[in-house]
Amino acid sequence: MLAWLFTSLIRDALFFLGYLNDRSSFPKPLSAREERACLRRMQEGDDSARRALIEHNLRLVAHIARKYTVPGCDADDLVSIGAIGLIKAVNTFRPDSGTTLSTYASRCIENEILMCLRSSHKRRNDVSLEEPVGSDSEGNEITLMEMLGTDPDAVTDEVDRRITLSRIRTLIRQKLPERERIVLEMRYGLLDGECRPQYEVAEALGISRSYVSRIEKKAVQTLESALRGKSRL
C-alpha cells in the first residue's frame, strides 16, 4: 500500500510540475455539472477524470497559498506544498459527504500548508509555544501551540511530507540519465506546461511507444527509490 502511495504521488507531482512552470496556463474551474460528471467517472476508475479534477482546481491552490506566510518558504514552495493537499483531497473526496469538492479541497490545502509550518518550527531550538509562527488566511497570527493539536493520518501524511515538488525537481536533475529526464519532461510538460502522449514522445525520440513506457516507468521508480532513501535519513 505504501509503495502504491509513493508511485501515485510521484506521478501526480510530476503532473503538477508541468503546470507550475506556467501558472498563467491554469485552467478555469469546472462547472458544477462538469465536476459531478468527473467525480462519477473517477469513481468508475477513470484516471483522466481524476487528473481533470486536480487540473481544474490548481487556481484554488495558488489562491490559498498567497494568503499564508511560512518562514523559509517562498511563494512557489507554498503552491507546491498546497498542491499535495489538493491531490490528497481529490483522491479521498466522497461526493455523498454533504460538502463540495472545493470546500473539502480548501481544508486539505490549508492543512498541508499548516503541517509544513509546524514541521519547520519543530526543527528550531528553544522555540516558545506562544511565539507567532505564521499567519492564517485572514491575517491572524498562528502560534506553535495552536499547531500542536493537529492529528494527521500517520501513513498518508508521512508519504505526502516526503514528496515535495522542489525535491522532485532536484532529483530529476541529479538522478536521471538524459533520456529518462527527457521522457519525463515531455510526458509531464515539465519544460513548457504541455503534456505529450507517448506516441509523440516516441516519434520525437525515434523509439517505440512501448520503450517510452518502459523508460517512464523506470524513471519514476528511480525517483521513488531516491525519495525512499531520503525518508530513512
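Some values worked out for this structure:
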| quantity | calculated |
| --- | --- |
| Identity of the residue in segment 29-46, in a helix (DSSP H, G or I) and open to solvent by less than 60 Å² (accessible area, probe 1.4 Å), that ends up farthest from residue 100 (Cα to Cα) | 42 |
| Residue in segment 11-28 that is over 23 Å from residue 170 (Cα atoms), open to solvent by less than 40 Å² (accessible area, probe 1.4 Å) and at pLDDT 90 or above present | no |
| Those residues of segment 84-107 which are part of a helix (DSSP H, G or I), open to solvent by 30 Å² or more (accessible area, probe 1.4 Å) and of a type outside the set (Ser, Thr, Tyr), in sequence order | 88, 91, 95, 96, 107 |
| Count of residues meeting criterion [surrounded by fewer than 18 Cβ atoms within 10 Å (Cβ to Cβ) and touching a residue at least 24 places away in the same chain (Cβ under 8 Å)] in segment 210-219 | 1 |
| Qualifying residue in segment 167-178 (condition: modelled with pLDDT of 90 or more, in a helix (DSSP H, G or I) and farther than 25 Å from residue 77 by Cβ) | yes |
| Verdict on residue 110 being farther than 25 Å from residue 220 by Cβ and either modelled with pLDDT under 60 or assigned to a strand (DSSP E or B) (or both) | no |
| Pairs where the first residue, in segment 184-209, is closer than 20 Å to residue 222 by Cβ and hydroxyl-bearing (Ser, Thr, Tyr) and the second is open to solvent by less than 30 Å² (accessible area, probe 1.4 Å) and modelled with pLDDT under 90, C-beta under 6 Å, 6+ apart | 188/14; 188/15; 188/18 |
| Pair list, Cβ under 6 Å, 6 or more apart: segment 81-98 residue over 17 Å from residue 14 (Cβ atoms), other residue modelled with pLDDT of 85 or more and of a type in the set (Gly, Ala, Ser) | 89/105 |
| Condition broken by residue 188, with the remaining ones in (1) modelled with pLDDT of 85 or more; (2) buried (at least 16 other Cβ atoms within 10 Å of the Cβ) satisfied | (1) |
| Subset of segment 70-83 (residues that are over 12 Å from the mean Cα position of the chain (by Cα), closer than 10 Å to residue 113 by Cβ and open to solvent by 10 Å² or more (accessible area, probe 1.4 Å)) | 73 |
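The values are calculated or read from the model by the stated rules, or taken from the named source; none is laboratory data. Please read these numbers as outputs of a predicted model, since none were measured by experiment. So basically every Cβ, Gly included, is an ideal-geometry build from the backbone, and we count neighbours across all protein chains shown. These area figures cover heavy atoms from the full protein model, side chains too; ligands, DNA and RNA do not enter into them. Shrake-Rupley method; radii C 1.70, N 1.55, O 1.52, S 1.80 Å.
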